[in-house]
Each structure stands twice: as structure tokens, then as C-alpha cells.
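All of the numbers you see were taken from the coordinates with simple rules; none came from a lab. It should be emphasised that the depicted structure is a prediction, and the values quoted were computed from it without experimental measurement. Reconstructed Cβ throughout: ideal geometry from the backbone, glycine too, with neighbour counts over all protein chains shown.
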Number of protein chains: 2
Amino acid sequence: MLTLEWKNDRVSMIDQTRLPGELVSLEAGTVDEVIDAIKRLVVRGAPAIGVAGALGVALAARLNSDPAAVHAEADRIAEARPTAVNLRWAVEQVRPFIAAGPDAVLAKALELHAADIEANRALGYRGAEWLLERIPSPVNVQTHCNAGGLACVEWGTALGVVRALHEKGSLGRVFADETRPLLQGARLTAWELDQMGIDHMVVVDGAGPTVIVRGMVDCVVVGADRIAANGDTCNKVGTFPLAMAAARAGIPFVVAAPESTIDVATPNGSAIHIEERDPAEISDWNGRRITPTATPALNLAFDVTPADLVTIIVTESRIINVAAGERP
Amino acid sequence: MLTLEWKNDRVSMIDQTRLPGELVSLEAGTVDEVIDAIKRLVVRGAPAIGVAGALGVALAARLNSDPAAVHAEADRIAEARPTAVNLRWAVEQVRPFIAAGPDAVLAKALELHAADIEANRALGYRGAEWLLERIPSPVNVQTHCNAGGLACVEWGTALGVVRALHEKGSLGRVFADETRPLLQGARLTAWELDQMGIDHMVVVDGAGPTVIVRGMVDCVVVGADRIAANGDTCNKVGTFPLAMAAARAGIPFVVAAPESTIDVATPNGSAIHIEERDPAEISDWNGRRITPTATPALNLAFDVTPADLVTIIVTESRIINVAAGERP
């Protein structure tokens, strides 16, 4: 199943806000609809929003005959969310084809779509092999948020590693943090693991570090939204606590991400713009207020795991041994 | 306002499951109702459930003329929740008075009720003074769960320190983790801070460590459910990640708790029984399923912060300088 695809001159995306209750697609026929889908997390996950952005530019090229207008739409798309570098990266990949017309833009976007699938398979198997050289089978894994097929075109990054372990018959149990406020772990990761028939349990975000230090898992595997030149890794808020716990427990903390997530123009984590999302994601639940009405919430969507807590970064082309001093 | 009191031969408790929406009391007239209130978290917080347990034994003594039956009821009350040592401690404090009749039991329970208020004020001021000797005013504080007046008879432990800072005009902003799954931070701590007119913000549990390492707070102050002889501290799950972040940030991690929370019979954290609560607290929300129906949840209610991450423990009678090697 593809998380997103080009279909009937539209960008078709699984509506992830409705999982696990309903598996339905949203068909975006305008650039505004694509941007809205990215902002509302209909489509989310760094690799997936990159491809969605590229397909969005392809859509803009179909709808506008003036290349300047398409460039302006590409700018708007690139700014739909600030933290994941893949979005801007993918938009910049297709931008040079705008001058050549809509078919050229679409061809490049579809190339990125196909490349994402391949990259994920490659990094998933590489990561699984690295783990199996160090940890006796079956391998128990802690993960956070959703870095699965739903965060990509298919297959997944962190869950790509999990999937590869599962295919090899070497996977034990997966613990998934629920990932507040939007519960991508409880809703999406659990849904994917359930679909694959993988033994899994959901815990609250505050419990992930305890699962780690109590020896219930052998490694932590997460995705990334941006990796700085020094190896500092930005991912969904709640990742950093797992990295601190993994260091205390002496187990590997593995970042699984495509090369497009590495941003050598960002020197370190403190240079990454952390998206602050709508406080109502924390204060309200299905339209019901949780907090007192006068209580403000600060909705930091991401955190930074300093390089000193990262064991390796695995991409489609290499292992970056961060713990041994290697840098992207 | 008192969180719980003896009224008309009943145990009257603010129903904390209904805050912040409604401020109503539940009047327990039977031992079963007291036990149910403790299990359902109508009354929660280690000091408060201790006093509720003692008043529950007073109620049992009123309702049963046979001392053996009262002792059996006391046993049932002591086992209502397993982790907080205060519950068993308080029950054992009143137990010797069962032979002397119901008035003697009630008098002792009311003594514990009064002592809790005094202990909290004493530890709150002591903790605030310790902080003000080290941190320039205004002091910004990160806390977790609810260790406020609602977790005690009144005033609070961690929030007792916050309250004392506020009274001295030396408090900045308080960041409160929402505290999944039951949102004691978002509901109860926010409500108390709002009532006091204290500047505060709620964050998701995964974001607390980021608030700390980004320098948004000067210290972490939390309560405790049980403190082992070696200083390992058991508190609401999600506390341990804050302690790791505080150590990285080089800011004090302060445990505020009455002496009754210290259990020298427990050698260290690994000997503490961590309560596992109903998985539905994680999987369901207001009766709606969040996770896929086949997905199990592991609901660890507490975690253990190892003594090496604790700066001080402040009680009604002393500062235990854990970072300097002192032990309870």
C-alpha cells in the first residue's frame, strides 16, 4: 500500500488523521489542498512530506502556465512546515524542471517517489544487519512517533529496520511510545505493526525511558526530521529522553533516515528551527477542553538529540558511526 | 480548601477525576467506597492517599464493633494501591488504636491529617529557601504530575515549594508536564497554579526534557511516592526523563516529600513494586478507542529516578543532600 501517489492528476494521500479508525484517502486537486494536508498532518513524516511537496509542485505546474507562478507555489509548499529538511530538499529537487514544463516536473517528482521506496528498503536492511551483528536474535526494539511506511511512500525508516528484522525472523517485541499530542505512535505505528502481525505494546511517552533501563528492549530505533552536520538529530518531541535512557542502559540508539534528511548547511541542533504547533493540540481533545481555560500550552513539535547520544545513523548508502566520532 | 476531611462520619474528598471541569466532593460512607476512591484516583497523591487510608480505618472502626474485622478492613485499605508507601505507613500509624475503639482511631487519623498540612508547609519553605540560596530570583520551575495541595491534605509538596517561592515574590514561570495517561499535570497542577495566579504553561511529557536543556527553567521540583534507603526515588512515570535532563543541564533536581515517603525497608529502586494500571487508561479516551483494537498497552504508573540523578530530598525536618552522598 502506498502512503501517497499521483493519481488522476491529483495527489492522493492516505488521510492519517483518520487512522486507525478509518483507512481513507484524500485527493488533493489544488496546491492549497496539498499545503493544508501537510499542515494538518493528513500526510506527515519527513520523507513523505518531501514527496508530497514534490508532487505538489507537479500539481502547481499542471495548473499554472506561468513558470514564475509555479516557482511562487513551490515557495509556499516548501514553507508549509519548517522543521523537516526533506520538504524543502524535495521541492528544490523538482524546481529546476519547472522551466521544462509540467511533464518534466511530474517525471522528477515520480522519480523521487520511487527513490524513497528504494532508499527505505536499503536503509532498513542495512540497519537490521548492523543490529544483528551486535544483538542476539530476537531483537526487542523501542521506537517513537511513526517513522513507518506512513511516514514515507512505503516501508518506512525506523519501522523499515523493524520490518527487515521481522522478515529475517529476528524480531522480538516492539514498544511504541504513544507520542503526544497527536498520538502517531498509538494510532499509526501500532496500526502498521498490527497489520504486519508484529508483537507490540504501546506505552505513554513518559514510560519509554523506563522500558529501556529495565532491559525490556535491546535497542532504540527512531527516524529523523533533520540531521545537522555535527550529527545532532532533530526528531519528534520525546525522542531525546529515549536517547538519554539508551546511553544509561548502554544499548544502541539508532537513527534511521534517508540521506535527504541530512542537512550539512545546519551546523548543529541549536540552529534547527523547532516548529511550535497549535496549543489546542495539547489543551483540547475531540473538542473538549482538558486544561483550565486560562492555562496556556507550549506545543514544541520536535526535540534535538545531541550527537553524543547517537550510536549510528543508517541511511540508504552508509552507516555513520557517530559514537566513534564519524559525522555526516 | 481541604482535599479531604472527616465530615458527618464520612470521608469527604474532592473528586479529582472531575477537575478542572467541576469542583465537587465525593462522600465515602463505607470502606468499599474509600477503597474505590483510592483505586479510581478520586483521591491520589502519596500523602493524600495516606490520610485517606487512615480516615478509612476510622470509618471501618465506626462501622464494625469487632476489632478483628477492623484489622481486616485496614489490610484491604493498605493494599488499595501498591506503590506509594504513605498509604501503608498511615494505616499502620492508626492500627494500634483499633483496640481502644473508634474515637481513638479517629483521633489518630485526624492527627495525621493535621500533621500533613504542617509537614507540607515546613518542607515547602525549606525547599524554597534552599533554591533561593542558589538561584537568582525569579526562579523558573519544571514539575511533573501533581504534587500539589490536591496530592496532600492541602498546600502540596513540590507545589508547596512553588507556593512558598510565590509567597516570597521569587517565582517566575512553572512548566507542568501534562502527565499521561490521566493528565494530572494538565488537569490538576494547571488548575492549582491557575487558582494561585501563577504564570504557567503545560507541555507534553516528551517535551519536559527539552524545556530543561533549553534553559527555560532553573530547577526541577517533583514529589515522590516512595524513597528507598539509597535515595532512589519512585514517582509518577515520566519523572526519570526530567532527572536525566536536569543532570545534563546542570540544574538542581529536587524531590519534595514528607518523611513518611521515605521507606528505609526498601534498599533501592529495583525493590519497589511498580503499579501497572488498566491498559484502557492509555488505549481509550472518553470511551473512544485510540489504538487499534488488537494493540495492547503497558501502563506503568511510576518510574524510578536513581539517586545519582537526585540533587536533594527536602522533607519537613531536613535537607538530604543526595548529590553530596547523603542518604535518607
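Measure nothing but the geometry: give the 0 to 90° angle between the long axis through the Cα atoms of A:158-167 and the longest principal axis through the Cα atoms of chain A, rounded to 10°. Approximately 60 degrees, to the nearest ten. The tail of the calculated P(r) for the protein assembly as shown, taken as Cα-Cα distances beyond 48 Å, holds 19 percent of the pairs. Shown here is the pair-distance distribution of segment B:1-90: with all Cα-Cα distances grouped in 5 Å bins from zero up to the longest one, the shares run 3, 16, 28, 25, 17, 8, 2, 1, 0 percent. Pair-distance distribution of chain B: all C-alpha pairs, bin width 20 Å, starting at 0; shares per bin in whole percent are 34, 58, 8.
Exposure proxy for B:236, B:108: other Cβ atoms within 10 Å of each Cβ, ordered fewest to most, give B:108, B:236. Hydrodynamic estimate: the Kirkwood radius of segment B:3-52 over Cα pairs, inserted into Stokes-Einstein at 20 °C and 1.002 mPa s, corresponds to D of 201 µm²/s.
Distance between the 7 Å Cα→Cβ label points at residue A:114 and residue A:326: 2.9 nm.
Could you give the longest part of chain B that holds none of the GluC sites (Glu not before Pro) found in DSSP loops with at most 10 neighbouring Cβ atoms within 10 Å? Longest site-free region, per DSSP loop and neighbour criteria: B:134-328. Dipole of chain B (Lys/Arg Cβ +1, Asp/Glu Cβ -1, origin at the Cα centre): which of B:301, B:123, B:213 lies farthest to the positive side? The residue sitting most towards the positive pole is B:213. Taking 0.36 nm per residue of separation and subtracting the current Cα-Cα distance, fully stretching the chain between residue A:9 and residue A:30 would add 6.6 nm. Taking the C-alpha atoms only, the angle from helix A:67-78 to the longest principal axis of chain A is near 20 degrees. How large is the Kirkwood hydrodynamic radius of segment B:23-180, in angstrom, based on all distinct alpha carbon pairs? Roughly 16.6 Å, rounded to one decimal. Reported value for segment A:123-270: 104 Å³ per residue, from the convex hull of its C-alpha atoms. Computed on the Cα trace of segment B:178-240, the radius of gyration divided by the Kirkwood hydrodynamic radius gives Rg/Rh = 0.99. Expressed in Å, the radius of gyration and Dmax of the Cα atoms of segment A:284-328 are 19.2, 50.
If you wrap segment A:243-314 in the convex hull of its Cα atoms and look at it from every side, the mean projected area works out to 7.3 nm².
Candidate cross-link partners of residue B:7 among the aspartates and glutamates, defined by an alpha-carbon separation under 19 Å and a same-chain spacing of 8 or more, comprise B:15, B:27, B:32, B:33, B:36, B:103, B:111, B:116, B:154. Each residue in B:303, B:225, B:263, A:36 was given a count of other beta-carbon atoms within 10 angstrom of its own, and listing them fewest first yields A:36, B:263, B:303, B:225.
Across peptide A:16-22, the mean count of Cβ atoms from other chains lying within 10 Å of each residue's own Cβ comes to 2.
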